[in-house]
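**Q** Shown below is the structure under consideration.
Taken together, the values in this text are just the output of simple stated rules run on the coordinates, not laboratory data. Remember, it's a predicted structure, so these values are computed and weren't measured experimentally. Cβ coordinates were reconstructed from backbone atoms using ideal geometry, including for glycine residues, and neighbour counts include every protein chain displayed.
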Amino acid sequence: MAKYAGSDESADAGSDREPQRFAVRRMARLLEVSASGFYAWARRTRTAEPTPREQRRAALAVQIRAIHAGSRGTYGSPRVTAELRARGERVSEKTVAAVMAGIGIEGISPRTFKVRTTVSDPQAVFPPDLVGRRFDQGRLDAVWLTDVTYLTCGEGDMFWCAIRDGHSRRVLGHVVTERISAAMVAAAVDAAVACRAAEGRDVAGTVLHSDRGGEFTGSLTVRACARHELRRSMGETGICWDNSPAESFWSTFKHEDYYRHTYATRAELVAAVDNWAWRYNHERRHSALGMMPPIRYEQSLTGTANAA
């Protein structure tokens, strides 16, 4: 016969709750759970003191919110985990993902980029593809990647040309102008070369890879490459995979920054591009670089070379 609350077996579990009608041990047996587990749960629910695990999760949540906010809401669990580990925390990506889900924050996952049409000059002479989709050839200044993307603001259209190192992903030179032209590409080339020259690096023989857009076959671009002894390379027209890192770069910028703001003036848009490019080089963690920003990754290579 079932015992009522007040017996030795059930009084402890229901002393500060609604009286328990049935004996704890009998109900535990019928439900195929342990009585000790029930008592442990009852003790936990009667105390306001958080467990060590709960305290740990709460402390992680504070740091995770700060890291997520510092990335302007772009970091997901892999990059947040990398940042926590850089700060000395021993934590798994699974735990970080669970905490982020629990506090309702997530990173931004750029959509797969769309194929875009490249306007080429039918009279132009195209250089061969020297890259063959091997964009990262294992060292700095082996391949530079360049492309142009369309932007807009309240004052009209703008175009952004960027040149990045295929190995470190670093933005070496970039230019934002009101019209797309070979002049903007030549200016970006000059900026990239000046960046490497300031570091004492000779870029003669570096491959500059692009699509077949008219801005890359124009005489100003050709002369800029010849002046700095860069080897021009181009993929096929309309085949996005022949310059996919550049397309991926634009997608990252637009989803992390551009689509999330409205720019009233050209000056405001240019400043936003400059600021994002700086964060991309100095702060944004890249999974392909062991979760290091490009600048720090290049410094690690230099340190290794010096040590050797």
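**Q** Around Leu208, which amide H atoms from residues at least 5 apart in sequence, or from another chain, sit under 5 Å from its own amide H, with H modelled in the peptide plane?
**A** The answer is Trp144, Arg231, Arg232, Ser233.
**Q** Let me ask another. For Trp41, Trp276, Trp144, what ranking results if the residue with the fewest other Cβ atoms within 10 Å of its Cβ goes first?
**A** Numbers: Trp41 12, Trp276 18, Trp144 29.
Arranged by neighbour count, lowest to highest, Trp41, Trp276, Trp144 become Trp41, Trp276, Trp144.
**Q** Report the full-extension gain for the segment Arg87 to Glu178: residue separation times 0.36 nm, less the Cα-Cα distance, to one decimal in nm.
**A** 28.5 nm
**Q** With labels modelled as points extended 7 Å from the Cα through the Cβ direction, what inter-label distance (nm, one decimal) is found for Ser248 paired with Glu236?
**A** For Ser248 paired with Glu236, the spin-label model returns 2.1 nm.
**Q** Report the Cα centroid-to-centroid distance between segment 143-178 and segment 82-104 in angstrom, as an integer.
**A** Centre-to-centre (Cα) distance: 33 Å.
**Q** Determine ³J(HN,Hα), in whole Hz, for all residues of segment 250-259 in sequence, where each value follows from phi through the Karplus function 6.51 cos²θ - 1.76 cosθ + 1.60 and θ = phi - 60°; x replaces Gly and Pro.
**A** Along segment 250-259, the couplings run 4, 4, 4, 4, 5, 7, 7, 9, 4, 6 Hz.
**Q** On full extension of the chain, what length is gained from Thr265 through Ser287, given 0.36 nm per residue of separation minus the C-alpha to C-alpha distance?
**A** Computed gain between Thr265 and Ser287 is 4.5 nm.
**Q** What does the C-alpha gyration tensor say about the overall shape of segment 149-308? Classify as rounded when a/c is under 1.5, otherwise prolate if a/b is larger than b/c, or oblate.
**A** oblate
**Q** If you don't mind, there's one more thing I want to ask. Put a dot 7 Å past each Cα toward the Cβ at Ala66 and Ala197; how far apart are the dots in nm?
**A** The modelled label-to-label distance comes out at 4.3 nm.
**Q** Which net charge results for the neighbourhood of Arg279, defined as the other residues with beta-carbon distances under 12 angstrom from its beta-carbon, given Lys and Arg at +1 and Asp and Glu at -1?
**A** -1
**Q** I would also like to ask the following. How would Ile64, Ile108 line up from fewest to most surrounding beta-carbon atoms within 10 angstrom? Working shown, then result.
**A** Numbers: Ile64 25, Ile108 17.
In order of increasing Cβ crowding within 10 Å: Ile108, Ile64.
**Q** Also: Would you mind computing, in nm to one decimal, how far apart the modelled labels at Arg53 and Ser219 are, each placed 7 Å from Cα along Cα→Cβ?
**A** Between Arg53 and Ser219, the simple spin-label model gives 7.3 nm.
**Q** Another question, if that's okay. Could you put Ser219, Ser71, Ser251 in order, starting from the residue whose Cβ has the fewest other Cβ atoms within 10 Å?
**A** Result, fewest neighbours first: Ser219, Ser251, Ser71.
**Q** While we're on this one: Ordered by residue, what ³J(HN,Hα) values in Hz, to whole numbers, does segment 184-191 give under the Karplus form 6.51 cos²θ - 1.76 cosθ + 1.60, where θ = phi - 60° and Gly and Pro are x?
**A** 5, 5, 4, 5, 5, 4, 4, 5
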